[in-house]
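Since the structure comes first, as structure tokens, the remarks are kept for the end.
Every read-out reported here was derived from the displayed coordinates using simple, explicitly stated rules and does not represent laboratory data. These numbers come from a predicted model, not from an experiment. FYI the Cβ positions are ideal-geometry reconstructions off the backbone, even for glycines, and counts take in every protein chain you see.
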Amino acid sequence: MARKPLSELKPGQVGVIVDIVGGSPRLRRRILDMGLVKGTRIKVVRVAPLKDPIELQTSGYDLTLRRDEAKNIIVEVVE
């Protein structure tokens, strides 16, 4: 399975979070507080026309992230 930043997934693709890299400690804490932890399954619903923000579905709720935040979340793409 391919590993890539969440920001590179296309609408409809699903990934499982394997790591959170880079970013400030404050951003890392914010990502974790949103429930985006290792092992979480996440689906890209849609991407705005200018590719920012990205709308996601995870753990029964919708979430919107900026592209620069999503690039810090490494996922394993589920085929």
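Quick notes on this one:
- Residues satisfying the criterion are present in region 56-67 (criterion: closer than 16 Å to LYS10 by Cβ, surrounded by fewer than 16 Cβ atoms within 10 Å (Cβ to Cβ) and of a type outside the set (A, V, I, L, M)).
- Positions within region 1-35 being crowded, with 16+ Cβ neighbours inside 10 Å, touching a helix residue (DSSP H, G or I) at 6+ places or on another chain (Cβ under 9 Å) and assigned to a loop (DSSP other than H, G, I, E, B), in sequence order: LEU9, GLY23
- Within region 36-60, the set of residues being without any contact (Cβ under 8 Å) to a residue 12 or more places away in the chain and in a strand (DSSP E or B) comprises GLU55 only.
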